[in-house]
Amino acid sequence: MKQKFLDEREVRVFLSELKMRRNQNCYDLVLFFIGTGCRIGEASALTMSDIDFDNHLITIDKLLQAHDLRVDDFYLDTTKTEAGERIKQLPEFVIKALKRVIERNKDFDEHMENFPSQFFRNSDFLFRTEYSAPIASHSFREILGRVNKHLCLECKEKYGFEWIKNVIPHSFAYSCTEK
């Protein structure tokens with residue numbers, strides 16, 4: 001069985017490959033995981049109202065439920081436990097990532113207004129797909145799976161070591177900077 005958790009070199013390589021993907025919100029989502037240790041359902045549920053940029057804080061108090069649901073049927077739920085509700089201090093690199101995400105979302109909201117499509121979703125969530133739906137666990141796992149597969153094939157030649165990991169969304173929680 002492949003290892004899930006990443007060392008510093010593996011995180012850098014994975015981020016390098018993820019940065020080359022079309023949806024840059026996925027790259028910034030991983031930075032958010034590394035800086036906060038949050039779970040995918042918690043991150044997927046975040047909106048602007050959860051961020052206090054002045055004090056570098058984020059409030060985690062809900063989950064996005066998306067398992068086996070169509071995008072239009074996603075719903076917000078409470079965190080798994082009361083202890084799951086928390087306010088987290090954000091490192092500067094996460095603040096920068098969130099600001100990039102917000103700017104991309106504003107650009108896409110303008111694009112949706114100018115070029116409407118039945119495939120676009122109006123969403124207040126921070127981490128969104130290319131169609132403005134929230135990035136849910138299953139879609140994010142697919143992206144991570146494609147990067148894993150690419151690294152299994154190319155890592156040795158490109159980075160000088162064999163890729164033996166199977167990265168999942170929670171893999172980055174153990175890379176969290178606040179340990």
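Other residues with beta-carbon under 14 Å from the beta-carbon of Asp52 carry, at +1 per Lys or Arg and -1 per Asp or Glu, a net charge of 0. Taking 7 Å steps out from each Cα toward its Cβ at Asp77 and Leu153 produces label points 3.6 nm apart. The calculated 222 nm mean residue ellipticity attributable to helices in the chain amounts to -14000 deg cm²/dmol, summing -39500 (n - 2.57) over DSSP H runs of n ≥ 4 and dividing by all residues. Applying the criteria of a DSSP loop state and at most 16 other Cβ atoms within 10 Å to the chymotrypsin sites (Phe, Trp or Tyr not before Pro) of the stretch 35-99 yields Phe53.
Dipole of the stretch 8-172 computed with +1 at Lys/Arg Cβ and -1 at Asp/Glu Cβ about the Cα centre; of Gly37, Thr59, Phe120, farthest Cα towards the positive end is Gly37.
If you model the stretch 8-172 as an ellipsoid using its alpha carbon gyration tensor, with each semi-axis the square root of five times an eigenvalue, the axes come out at 25, 20, 16 Å, biggest first.
If you run the Gaussian network model on the chain, springs between alpha carbon atoms under 10 Å, then out of Ile34, Ile135, Ile164 the most flexible one is Ile164.
Sequentially through the stretch 84-97, phi angles give Karplus couplings (6.51, -1.76, 1.60; θ = phi - 60°) of x, 7, 7, 10, 10, 6, 9, x, 4, 5, 6, 4, 4, 4 Hz, Gly and Pro residues having no value and appearing as x. The residue among His170, Thr129, His111 whose Cα reaches farthest toward the positive pole of the charge dipole of the stretch 8-172, with charges on the beta-carbon of Lys, Arg, Asp and Glu, is His170. Any idea what % of Cα-Cα pairs in the stretch 107-146 are farther than 15 Å? For the stretch 107-146, the fraction of Cα-Cα distances above 15 Å is 43 percent.
Counting only Cβ charges, +1 for Lys and Arg and -1 for Asp and Glu, the dipole size of the stretch 52-114 around its Cα centre is about 320 debye. Counted over the chain, the DSSP beta bridges are approximately 90% antiparallel.
For the stretch 83-176, the alpha carbon positions stretch 45, 36, 23 Å along the principal axes, listed from largest to smallest. Each of Glu130, Glu142 was scored by other Cβ atoms within 10 Å of its Cβ. Arranged with the fewest first, they read Glu142, Glu130.
No lab work stands behind these numbers, since they all come straight from the coordinates. The shown structure was predicted, so the numbers you read here are calculated from the model rather than taken from an experiment. Cβ sites come from the backbone with ideal geometry, for glycine too, and all protein chains shown count toward neighbours.
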